[in-house]
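Visitor: Below: one structure in structure tokens.
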Amino acid sequence: MNIADSGPSCHDEAVARKLAALAHPVRLRLLRSLGTGHSCCVKDLVGPTGLAQSTVSQHLKVLVEAGLVSFRADRQSSRYTVNAAALRELAGIIGTTLDHCCSGGCSPSGDGELADHTRQGTPRRP
């Protein structure tokens, strides 16, 4: 069976939702800010981002719905924490996907380096 002939699986759709949640620079900044502490409330994140509280809340809602951030009510505020297990799982899925795509060997880029150099976390040399 050709993979192009089959529709996306529920698993693929869940991964796509997580990737879509990460596809915004503000949400990436929020994840980094959340990763520096144990848990934060929205007001803790408003200052460093310079955004309105309602904007930060909306971005956090997207991350929570994607399962990348956990939420719990704490008296009159809400506390947010990074869901490290979900992020690690997503990183593993991305790595597996890249390994599968490059199983025949990635084609070299114009300068002799492999085209997947950024996956290894090493900067490209000029």
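Visitor: Can you find even one residue in region 40-60 that is in contact with a strand residue (DSSP E or B) (Cβ under 8 Å, 6 or more places away or on another chain) and modelled with pLDDT of 95 or more?
Guide: Checking region 40-60: at least one residue is in contact with a strand residue (DSSP E or B) (Cβ under 8 Å, 6 or more places away or on another chain) and modelled with pLDDT of 95 or more.
Visitor: Out of all the residues in region 101-116, is one or more modelled with pLDDT under 90, assigned to a helix (DSSP H, G or I) and at negative phi?
Guide: Checking region 101-116: at least one residue is modelled with pLDDT under 90, assigned to a helix (DSSP H, G or I) and at negative phi.
Visitor: Please go through region 29-44 and pick out each residue that is loosely packed, with under 12 Cβ neighbours inside 10 Å, without any contact (Cβ under 8 Å) to a residue 24 or more places away in the chain and in a helix (DSSP H, G or I).
Guide: If the condition is that a residue be loosely packed, with under 12 Cβ neighbours inside 10 Å, without any contact (Cβ under 8 Å) to a residue 24 or more places away in the chain and in a helix (DSSP H, G or I), then ARG32 is the only one that fits.
Visitor: Specify the residue that is farthest from ARG17 (Cα to Cα); the eligible residues are those in region 45-83 that are charged (D, E, K, R) and exposed (fewer than 15 other Cβ atoms within 10 Å of the Cβ).
Guide: ARG75
The values are calculated or read from the model by the stated rules, or taken from the named source; none is laboratory data. For clarity, every value in this text was computed on a predicted model and none was experimentally measured. Because the Cβ atoms are built from the backbone with ideal geometry, glycine has one as well, and the counts that use them run over all protein chains shown.
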